[in-house]
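The values are calculated or read from the model by the stated rules, or taken from the named source; none is laboratory data. Only a predicted model underlies this, so the values are computations on that prediction, with no experimental measurement involved. Ideal geometry is used to build each Cβ from the backbone, glycine not excepted, and the neighbour counts take in all protein chains shown. Side chains are part of the model used for accessible areas, which takes the heavy atoms of the whole protein and leaves out ligands, DNA and RNA. Shrake-Rupley method; radii C 1.70, N 1.55, O 1.52, S 1.80 Å.
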Amino acid sequence: MANEREVTIYDIARELNISATTVSRGLQDHPTISKKTKRKILDLAEQMGYRSNHFARSLRSQKTNTFGIIVPRLNSHFMSSIIAGIENAANEQGFSLLIAQSSESSVKEAASARTMFDSRVDGLLVSLAVDTTDLTHFDSFFKKNIPVIFFDRVQQHESSVNILIDNRQAAYNATRHLIEQDCRKILHITAPVVQNVYKDRLRGYREALSEHKIKFREDYVLITNLSQEAGAEAARTILQMKPMPDGIFVANDSCAVGCMLALKEQGIRIPQDIAFAGFNNDPVTKVIEPNLTTINYSGYEMGQVAARHLINHVRDVSFISSTNTIILRSELIVRASSLKKGSK
């Protein structure tokens, strides 16, 4: 069976005996069209199955009122919170979202960027894949002056804005807290140190050790993919160490929880034998026993800030060149997993 012909504004105009221009304006809620006429147009459009041709309209206006979002993973509480913040701020201002995940692959990230560009998004919000080493796959956006904002995992570029926390300071605070709890053999579990977040967290960890005259050990840095399964695998490595560490700072909460569970299964007491600190303040930190000490920063707030800045750039309220980096607040949340002092 042949597909039915698409309903047009001319069909609606013919049925209502009004001009196609009036129908077009009514569908766009134009102030010159009366409420009664708008209601008739909208009711008939729905009855006839009319679909607005956003693509044709965007070609005329050069705007799609759509933002692209590329994130490393969608199955992350933190990234979900960021997307919720972006969606809230964007929808309030009439923008829709196209969302893609890179699955921690720079190749997939580049393909998603191309798709977003071809979809004529008005701006792009990106948190980089773990293996992204340069930003050349965003050049098409930069050359067209389409605003790009990087958040959380970022790289510097003169034509973009970065939104993040002070990861170095946050990691320093977490490591210093473990040291204040009498930990001296502190291990750090992280991801490949390509992206800023992992470079800076490693730097903060090392600075805290150095400030307290604790020697940095390369074998006390475990590189993983930071999944919960990777945490369990790290625990098996830790159990073979002689002596074992007395404190562990992990670059995210999911991996920390996986490590804690595996160590507890082998009779390791937390925090008495090994104190733990994570990063992100995911909901799981308050489910695991003992509750996990962590770094808290709001993904929802980061998403809202990113979206609002993008909207301002798209509407020429502000310009990329005027703001290159926005640092958001973070805080150390101390819970039972790290309170080694006085625990028995």
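Answer yes or no: is there a residue in the stretch 114-121 that is assigned by TED's automatic domain parsing to the domain that holds Arg153 and on the phi > 0 side of the Ramachandran plot.
Yes, some residue in the stretch 114-121 is assigned by TED's automatic domain parsing to the domain that holds Arg153 and on the phi > 0 side of the Ramachandran plot.
Counting only residues that are open to solvent by 40 Å² or more (accessible area, probe 1.4 Å), more than 27 Å from Gly94 (Cα to Cα) and among the β-branched types (Val, Ile, Thr), how many does the stretch 104-131 have?
Summing the residues that are open to solvent by 40 Å² or more (accessible area, probe 1.4 Å), more than 27 Å from Gly94 (Cα to Cα) and among the β-branched types (Val, Ile, Thr) in the stretch 104-131 gives 1.
Only one of Asp134, Asp166 is under 21 Å from Ser81 (Cα atoms) and open to solvent by 40 Å² or more (accessible area, probe 1.4 Å); which?
Asp166
Among the residues of the stretch 246-270, write down those that are touching an Asp or Glu at 6+ places or on another chain (Cβ under 9 Å), of a type in the set (D, E, K, R) and surrounded by fewer than 24 Cβ atoms within 10 Å (Cβ to Cβ).
Asp246, Lys264
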